[in-house]
Amino acid sequence: RVVYPMENCPDTVRVAAEELQAAMQEVLGVDVAITDDKGTANANDQFQPYEILIGETARSATQKVLPELDGEEFVVRVDGHKIVIVGASNRATYAGVLYFVENVIRQGTVEEGKPVVKIATDYAYEGKSTSPKLPAVAGDTTLPVAPYRPAVLYTVHRPEKVADQITLA
């Protein structure tokens, strides 16, 4: 199943999880469940088999990766029966999902009527967001991302992460 964070989950991360689910349906013909993490990492989370964790979930596999991230970095990593896709910002998480879809899911096949995706048990990829186009979300007023980063003249709203600031130039 695909799991996204319940607590403070930005629309971008939820949409990224839905896009991953849709890609798996399109490429492999499988219906994968999608759910939030229920806001907790309990002792049983390690026993939930075969989860793809998107964004800053409460799962222990995600929590191990978060301290390693900075700026626009993202990680795609196998941790036991879990695949962790998380970035230092929402944009980086979205870029990580796009990377995973293009380089893992779209390489999958259907053999003898069964979906096959090959990924090593020690698979790990670290990348940086190159400003992918963010998904359109109802009520979203995100402007297209410029290929450069203008100086912050006035911050309209200051979220927790500097990368998520809305700026006027």
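Only the coordinates and a few stated rules stand behind these numbers; no lab work does. In this text, all values refer to a predicted model and were calculated from it rather than measured experimentally. In this analysis, Cβ positions are derived from the backbone assuming ideal geometry, glycine residues included, and neighbour counts consider all displayed protein chains.
Determine, for the stretch 1-120, the count of lysine pairs separated by eight or more sequence positions (or lying on different chains) whose alpha-carbon distance falls under 20 Å.
Details: K38/K64; K38/K82; K64/K82; K82/K118.
The result is 4.
The packing ranking, built from the mean of other Cβ atoms within 10 Å per residue, places the peptides 108-114, 80-86 in the order 80-86, 108-114, highest first. Inter-label distance, K114 to V78: 1.6 nm, where each label sits 7 Å from its Cα along the C-beta direction. For the stretch 51-66, backbone nitrogen atoms closer than 18 Å to the point 7 Å from E7 Cα along Cα-to-C-beta are found at 53-66.
Quote the FRET efficiency, to the nearest 0.05, computed for E26 versus L66 with a Förster distance R0 of 25 Å and r equal to the Cβ-Cβ distance.
Details: r = 30 Å, r/R0 = 1.20.
Approximately 0.25, to the nearest 0.05.
Remark: spin-label model distance A33-R106 equals 2.9 nm, labels positioned 7 Å along the Cα→Cβ axis.
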